[in-house]
Amino acid sequence: MSWMHIFFALVLLPAIGVGMIRILRGPTAADRMMTAQLFGTCGVAILLLLSAGMGNPVLLDIALVFSLLAALATMTFIRRTWRGSGKKKHEYPLQ
Amino acid sequence: MNILYNSGTVLIILGLPFFLSGTVGLIRFPDIYTRLHALTKADNVGLGCIVCGLALQSGSWAVTAKLLLIWLLVLIASSASCHLIARSAMHKNIQPWTRS
Amino acid sequence: MRNGTPSSPSHILSQYARRSLVRFVVFSFLWYALAGSDKASWIIGVPAVLFATALSLMLASSSPLRISSAGAFHFIPFFLRQSFHGGIDVMRRALSFQQLLDPGLVSYTTLLPEGSARIFFVNTISLLPGTLSAELHGNRVTIHTLDQGLPIWANIQRLEYHVAALMCISPEKKESS
Amino acid sequence: MSYSILTCFDILLILTLLWLGWRLLSTEDIFKAVVLFISFGLLMALAWVRMRAPDVALAEAALGAGLTGPLFLAALRRMKRIHKGERRLDSDENRGEDHEADPEQTQAA
């Protein structure tokens, strides 16, 4: 048990709690999804710190699963939920 | 050994403000593109600092390799999904916020 | 490499052996990272690594990824330094009391060839200070920037140079523009 | 020292989870509920870790957040296609199209 690492994990937990504001009020769907991604990254960091703090190396494997699956939700969201309105326009500002 | 441990602690402490500022940026920045900046850059650097600090403290090559692997995966995942989100926002014709 | 034209059988064979050896080493390292230093894990590890090597050689694309070690030696410190700067930059903008943002879109025409080099380049842009790749259309990358006052063009050109060095792309293509 | 900080961590985690669960159940926007569900899964994995059940945490991270979330997102699209015009499932679907660019404005920017 090392209190220092657990204290650092405790500092990171509000970063998740405050980020929830963006899920609740984010204007577009992508804003909400981005916050879920932030939770993934913060969750990996908290797991790494807890693994050092609790002296349990198994938690590194959970962090590995977190990071492997972090992209999956966002990609499904882009492919399935947040498609453009039919036709793609290839005219962008400032070409 | 103690020097390694302490410099690891310093690196971890260095990493925490990056995470907090990533969240602050996500709340404060005005539009989706600027929020993506905050999300990808700040969090990856913060995680990098924490990973390096823990690797210095762990004192084992296997744990170090696993930590670096985790960081690499997060790096790839976040930069790819950041590009995807920005691209579909462009396809949806969401205009970037500009200083008026 | 030693003799004959590049398509001579011995050359192809030696290159094939080299590629499979590199992959074997990479997958062994991956297994070591995943399973830890326990010796007993290699009972499953060695067949898994061999299987992964064979599978990846079977599924590999015809144009293999070539990474030069000298390029990587220059690229990794560059990348770490730049992404650290990017983090500091975002932190400064997020925490300051005034609004420090001046976002805009920049278009950049890359000279990197189609394929893995270009995709790698586009993904790395997002980790540089103040830039975010928003669109890739042909060889034209649309970049969203956090501050139009930053030296974006110079940064991206340096990144392009480093990626070309990393992926063993000869620089004479860059002279054409 | 270590245990009191752990207690603080647990209490904060429990409060966040409870608040998240309440918002998840009470929200009307289905997409928002799905995103809250994914976040809930991630935090629940942390809670399992604190309950010293890392194997359950592994399953929760893989199934709860990693697989069920994308399945819900895919199902949401199917549902939207079926219920088209009846309800607003994705609240920014209309807003995104309102942003139809007028080029002059962007050029000026």
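A short reminder: the numbers here are calculations on the coordinates, not readings from a lab. This is a predicted model, so every value here is computed, not measured. Counting neighbours? That spans all protein chains shown, and the Cβs are built from the backbone with ideal geometry, glycine included.
For the stretch A:1-64 versus the stretch C:111-143, the spacing of their alpha-carbon centroids is 29 Å. Note on C:L55 and C:I119: the extension gain reaches 20.7 nm, defined as 0.36 nm multiplied by sequence separation minus the Cα-Cα distance.
Computed over the alpha carbons of chain C, Rg followed by Dmax gives 20.8, 67 Å. Dipole orientation for chain B: of the candidates B:S78, B:T9, B:W97, B:W97 has the Cα lying most toward the positive pole (charges on Cβ; Lys, Arg +1; Asp, Glu -1).
Here the Kirkwood formula, the inverse mean of 1/r across different C-alpha pairs, assigns the protein assembly as shown a hydrodynamic radius of 23.8 Å. Assuming charge only on the beta carbon of Lys and Arg (+1) and of Asp and Glu (-1), the dipole of the stretch C:85-177 about its Cα centre is about 80 debye to the nearest 20.
With neighbour counts taken as other beta-carbon atoms within 10 Å, the residues A:S2, C:S8, A:S51, B:S100 rank, fewest first, as B:S100, C:S8, A:S2, A:S51. Altogether, the Stokes-Einstein calculation at 20 °C and 1.002 mPa s, with the Kirkwood radius of the stretch C:9-59 over Cα pairs as Rh, returns a diffusion coefficient of 184 µm²/s.
Among B:K41, C:K39, B:K92, sorting on how many other beta-carbon atoms sit within 10 Å of each Cβ, with the fewest leading, yields C:K39, B:K92, B:K41. The stretch B:1-74 and the stretch C:26-105 have Cα centres separated by 15 Å.
Translational diffusion coefficient of the stretch D:2-85 (Stokes-Einstein, Kirkwood radius from Cα pairs, 4 °C, 1.567 mPa s): 92 µm²/s.
Across every direction, the projection of the convex hull enclosing the Cα atoms of the stretch C:94-177 has a mean area of 5.8 nm².
Which value does Rg/Rh take for chain A over its C-alpha atoms, Rh per Kirkwood? Result: Rg/Rh = 1.14.
Solvent-free Debye calculation, one equal scatterer per alpha-carbon of the stretch B:53-94: log10 I(q)/I(0) at 0.15, 0.22, 0.28 Å⁻¹ equals -0.51, -0.70, -0.86. Remark: spin-label model distance A:N56-B:I3 equals 3.5 nm, labels positioned 7 Å along the Cα→Cβ axis.
Taking all Cα pairs closer than 8 Å and separated by 6 or more residues, the relative contact order of chain C comes to 22 percent.
In the stretch B:2-91, Rg over Rh equals 1.08, where Rg is the alpha-carbon radius of gyration and Rh the Kirkwood radius from pairwise Cα distances.
Counting only other chain Cβ atoms within 10 Å of each residue's Cβ, the peptide D:27-35 averages 4.
Residue ranges C:112-122, B:50-60 sort as B:50-60, C:112-122 when ordered by packing (mean number of other C-beta atoms within 10 Å per residue, highest first).
Placing +1 on the Cβ of every Lys and Arg and -1 on the Cβ of every Asp and Glu, with no other charges, gives chain C a dipole of roughly 520 debye about its Cα centre.
In the stretch B:1-51, the alpha-carbon atoms span a convex hull of 41 Å³ per residue.
Using the Karplus relation 6.51 cos²θ - 1.76 cosθ + 1.60 with θ = phi - 60°, the per-residue 3J(HN,Hα) values for the stretch B:6-11 come to 5, 5, x, 4, 4, 5 Hz, with x marking Gly and Pro. Take each residue in C:125-132, count the other chain C-beta atoms within 10 Å of its C-beta, and the mean is 5.
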